[in-house]
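J.: Here it is, the structure in full.
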Amino acid sequence: MPIQIEHLTHIYGDDTTLAVKALDDINLTISDGEFIGLIGHTGSGKSTLVQHLNGLLKASSGSILFDGQNIYDKGYDLKALRSQVGLVFQYPEHQLFEIDVFSDVCFGPKNLGLSEEEVKERATKALESVGIPKELYNQSPFDLSGGQKRRVAIAGVLAMDPKVLILDEPTAGLDPQGREEILDLIKGLQTKSHMTILLVSHSMEDVAEYVDRILVMNHGRVVYDGTPKEVFAHYKELEDIGLACPQVTYVCHDLHDAGFDVDLTATTVDEAKESILRALG
Amino acid sequence: MSIVKTENVVYEYQRLDEEGNVEGVTTAVDHVSLDVKEGSFIAILGHNGSGKSTLAKHINAILSPKEGSVWVDGLDTAQEENLWEVRSRAGMVFQNPDNQIIGQVVEEDVGFGPENMGVPTKEIWERVEESLRAVGMYEYRKHSPNKLSGGQKQRVSIAGVLAMHPKVIVLDEPTAMLDPTGRKEVIRAARGLNQVEGVTVILITHYMEEIVHADQVFVMDHGKIAMQGTPREIFSQVERLKELRLAVPQVTLLAHELKQSGIPLPDGILTRKELVEALVAYKNSQK
């Protein structure tokens, strides 16, 4: 289910005096099973871009090919697209509403018109995959902890059985261990369930640790596209556009300046550790 | 002198069933006693649900303790007649800037607090100017808040509190929704208030890097204070923090891992500079 984005441009308030170009000629290919991190400062166009991928926003010009088919073609089934591209918004737990956890997760698949049995099967599978134990199924979602609520909300999207999962800052407001649990869970969806993952994040450390490819956005354009090592090599330029490098990358640069023969492309604690140990002999 | 003092504070949330009967009780704050010195920079850490925010809401009397007492600048927050005074001396900034900004223009938003306190118009303008300057947002005074970045909005929120001339500001996860630059701007503004204006700052956060400069750190767990000390004392205990669902700054973790691999480094390294200096010293000693 590859996604090809061609010359995608989005202008908010087009034809008015307040027109703002939020996306400016984006060209990208997202292949099956990739784990991509999307970074950029507030207002760089990240959220606008991801809302195009399941047809919530319509481009001012350009096209999106999903499995080779242009989603802007006449008669294209956008409803089917939305069940294949799952979008987890920021603070998704604000969207929980049902009387218990299980009914909440059932809501999506029920609306797909599946049989009751299949709905239940999907909800159970989704809740299992996010690690919510059976004892909580009948509890009100509002009695859960912050991290649990968020996992239930993600399960609601997973129950739609998407091929592509987009998450907009899924770890915002969680404690360090909660962040790690959610990210491990997402990584598992890629490796075990072979989903394509697009993660919008403000944490350079998390992105460096988890993703295979990073897209950096600035002023509605993709300015860097590469592996964490390739992208974080541009640390000075990243700072100019309101971003940063993982802390350990800075440490390696400092050590290098102090005469250590360390690897300047280290982006995780493990890589930095190995490199420093080698440099010390 | 102590500016915020709590003594054996207990706060419980009650769960009600459909008929309104008490179904269960969650003790969110469990006998917490702490003493914050005027002019200090305090950090409160703790996992989600540990009771940090509930405790914070006691400091400007949004909540009143079920047991125990809270004093702000010597005023007992449980006394109804102290409410206004307590709230003008202890200001609060929350996570989501969009929920706290009400004005159409930045300077109007910042003036809202003092206006409601009945401050004379001329003085309101003076306060607005000095507050916006203190957080580095004076050039944006005529802008519309909804055109600002997250970090800028959050600094406007801080200016809005500052204009009420509080003695203490509580920031409850002010950077959770911000990008790296926004986070840096807000933390810099908070440190500026503390060092330049002498305002006591209480910062609640999940980002360990933000508190390495704090004077004192309290770590909460199950409504109780589980650890307290300087950042260096707290971050020396990597394993204990992990048990409490927390972490240490990435630099501290790297130093800890290097130490585990046999490099003799001091405990509780907090900054890039410290780590680099310690490694250089070690390398020179090997020659």
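The values are calculated or read from the model by the stated rules, or taken from the named source; none is laboratory data. Predicted model only: the values in this text are computed from it and were never measured. Virtual Cβ from ideal backbone geometry, glycine too; neighbours counted across all protein chains shown. Just so you know, the surface numbers come from the protein's heavy atoms only, side chains and all, with ligands and any DNA or RNA stripped out. Shrake-Rupley method; radii C 1.70, N 1.55, O 1.52, S 1.80 Å.
J.: What residue, of A:273, A:236, is more than 9 Å from chain B (Cβ to nearest Cβ) and in a helix (DSSP H, G or I)?
T.: Exactly one of A:273, A:236 is more than 9 Å from chain B (Cβ to nearest Cβ) and in a helix (DSSP H, G or I), namely A:236.
J.: I need a count of the residues in region B:1-38 that are open to solvent by less than 30 Å² (accessible area, probe 1.4 Å) and among the small types (Gly, Ala, Ser).
T.: So the count comes out to 2.
J.: Shifting gears a bit: Would you point out the residue of region B:121-150, among those that are among the polar types (S, T, N, Q) and open to solvent by 80 Å² or more (accessible area, probe 1.4 Å), that is farthest from residue A:40 (Cα to Cα)? Walk me through how you get there before you give the answer.
T.: Taking region B:121-150 as the starting set, the residues that turn out to be among the polar types (S, T, N, Q) are B:121, B:131, B:144, B:146, B:149.
Right, trim to open to solvent by 80 Å² or more (accessible area, probe 1.4 Å) and you get B:121, B:146.
Details: B:121: 41, B:146: 19 Å.
The residue in question is B:121.
J.: Here's a follow-up. Among (1) surrounded by 19 or more Cβ atoms within 10 Å (Cβ to Cβ); (2) more than 14 Å from every other protein chain (Cβ to nearest Cβ), which single condition is residue A:225 missing?
T.: Every condition holds for residue A:225 apart from (1).
J.: Within region B:107-139, which residues are more than 23 Å from the chain's Cα centre (by Cα), hydrophobic (A, V, I, L, M, F, W, C) and assigned to a helix (DSSP H, G or I)?
T.: B:124, B:125
J.: Write out, first by first residue and then by second, each pair whose Cβ atoms fall under 8 Å of each other, whose residues are 6+ apart or on separate chains, and whose first residue, in region A:39-66, is touching a residue at least 60 places away in the same chain (Cβ under 8 Å) while the second is open to solvent by 40 Å² or more (accessible area, probe 1.4 Å) and among the hydrophobic types (A, V, I, L, M, F, W, C).
T.: Qualifying pairs under 8 Å: A:66/A:1.
J.: Name the single residue that is most open to solvent (accessible area, probe 1.4 Å) among those in region A:85-118 being of a type in the set (A, V, I, L, M) and in contact (Cβ under 8 Å) with a residue 40 or more places away in the chain.
T.: Across region A:85-118, the extreme among qualifying residues is A:99.
J.: Is region A:186-194 home to any residue that is in contact with a helix residue (DSSP H, G or I) (Cβ under 9 Å, 6 or more places away or on another chain), charged (D, E, K, R) and away from chain B (no Cβ under 14 Å)?
T.: yes
J.: Is it the case that some residue within region B:205-218 is away from every other protein chain (no Cβ under 13 Å), surrounded by fewer than 19 Cβ atoms within 10 Å (Cβ to Cβ) and modelled with pLDDT of 95 or more?
T.: Within region B:205-218, one or more residues are away from every other protein chain (no Cβ under 13 Å), surrounded by fewer than 19 Cβ atoms within 10 Å (Cβ to Cβ) and modelled with pLDDT of 95 or more.
J.: Within region A:1-33, track down each residue that is acidic (Asp, Glu) and within 26 Å of residue A:239 (Cα to Cα).
T.: Answer for region A:1-33, where residues must be acidic (Asp, Glu) and within 26 Å of residue A:239 (Cα to Cα): A:24, A:25.
J.: What is the residue count in region B:220-238 for residues that are part of a helix (DSSP H, G or I) and more than 13 Å from chain A (Cβ to nearest Cβ)?
T.: Selection size over region B:220-238: 4.
J.: To continue, here is another question. Which members of region A:239-259 meet the condition of being outside any helix (DSSP H, G or I), closer than 21 Å to residue B:258 by Cβ and either open to solvent by 30 Å² or more (accessible area, probe 1.4 Å) or at the interface with chain B (Cβ under 8 Å from one of its Cβ atoms) (or both)?
T.: A:246, A:258, A:259
J.: Going through region A:268-280 one residue at a time, which ones are surrounded by fewer than 16 Cβ atoms within 10 Å (Cβ to Cβ) and within 26 Å of the chain's Cα centre (by Cα)?
T.: Selection gives A:270 alone.
J.: Right, next: Inside region B:270-287, can you point out the residues that are charged (D, E, K, R) and within 9 Å of chain A (Cβ to nearest Cβ)? Break it down into steps so the answer makes sense when it comes.
T.: Here is the first cut: in region B:270-287, the ones charged (D, E, K, R) are B:272-274, B:277, B:283, B:287.
Those that are charged (D, E, K, R) and within 9 Å of chain A (Cβ to nearest Cβ): B:272, B:273, B:277, B:283.
J.: Let me ask something additional. Only one of these is away from chain A (no Cβ under 14 Å), touching a strand residue (DSSP E or B) at 6+ places or on another chain (Cβ under 6 Å), modelled with pLDDT under 95 and open to solvent by 40 Å² or more (accessible area, probe 1.4 Å): B:85, B:115. Name it.
T.: None of the others qualify; the one that does is B:85.
J.: How about region B:219-235: which of its residues are buried (at least 20 other Cβ atoms within 10 Å of the Cβ) and more than 12 Å from residue B:45 (Cβ to Cβ)?
T.: Hit for region B:219-235 is B:223, nothing else.
J.: Among the listed residues B:56, B:78, which satisfies the condition of being over 21 Å from the mean Cα position of the chain (by Cα) and more than 14 Å from chain A (Cβ to nearest Cβ)?
T.: B:78
J.: Somewhere in region A:260-267, is a residue within 27 Å of residue A:33 (Cβ to Cβ), under 15 Å from the mean Cα position of the chain (by Cα) and either more than 9 Å from chain B (Cβ to nearest Cβ) or in contact (Cβ under 8 Å) with a residue 24 or more places away in the chain (or both)? Break it down into steps so the answer makes sense when it comes.
T.: Of the residues in region A:260-267, the ones within 27 Å of residue A:33 (Cβ to Cβ) are A:265-267.
The next check asks that each one be under 15 Å from the mean Cα position of the chain (by Cα); those that pass are none.
Looking through region A:260-267, none of the residues is within 27 Å of residue A:33 (Cβ to Cβ), under 15 Å from the mean Cα position of the chain (by Cα) and either more than 9 Å from chain B (Cβ to nearest Cβ) or in contact (Cβ under 8 Å) with a residue 24 or more places away in the chain (or both).
J.: Could you look through region B:239-269, keep only residues that are more than 12 Å from chain A (Cβ to nearest Cβ) and assigned to a helix (DSSP H, G or I), and pick out the one that is nearest to residue B:28 (Cα to Cα)?
T.: Ranking the qualifying residues of region B:239-269, first place goes to B:240.
J.: Which residues, taken from region B:78-106, are assigned to a loop (DSSP other than H, G, I, E, B) and touching a residue at least 60 places away in the same chain (Cβ under 8 Å)?
T.: Scanning region B:78-106 gives B:94, B:95, B:96, B:100.
The rows are residues; the columns are (1) open to solvent by 20 Å² or more (accessible area, probe 1.4 Å); (2) polar (S, T, N, Q).
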| site | (1), (2) |
| --- | --- |
| B:152 | yes, yes |
| B:155 | yes, no |
| B:160 | no, no |
| B:163 | no, no |
| B:170 | no, no |
| B:176 | no, no |
| B:186 | no, no |
| B:191 | yes, no |
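J.: Can you say whether residue B:74 is within 13 Å of residue B:4 (Cα to Cα) and touching a Gly at 6+ places or on another chain (Cβ under 8 Å), as far as the supplied structure shows?
T.: So residue B:74 fails the test.
J.: Within the bounds of region B:66-88, is there any residue that is under 20 Å from residue B:189 (Cβ atoms) and of a type in the set (A, V, I, L, M)? Before you say what the answer is, go through the steps one by one.
T.: Of the residues in region B:66-88, the ones under 20 Å from residue B:189 (Cβ atoms) are none.
No, region B:66-88 has no match at all.
J.: Being under 26 Å from residue A:200 (Cα atoms) and in a strand (DSSP E or B) narrows it down to one of A:156, A:86, A:131, A:108, so name that one. Before you say what the answer is, go through the steps one by one.
T.: Details: A:156 fails: in a strand (DSSP E or B); A:131 fails: in a strand (DSSP E or B); A:108 fails: in a strand (DSSP E or B).
On inspection, the qualifying residue turns out to be A:86.
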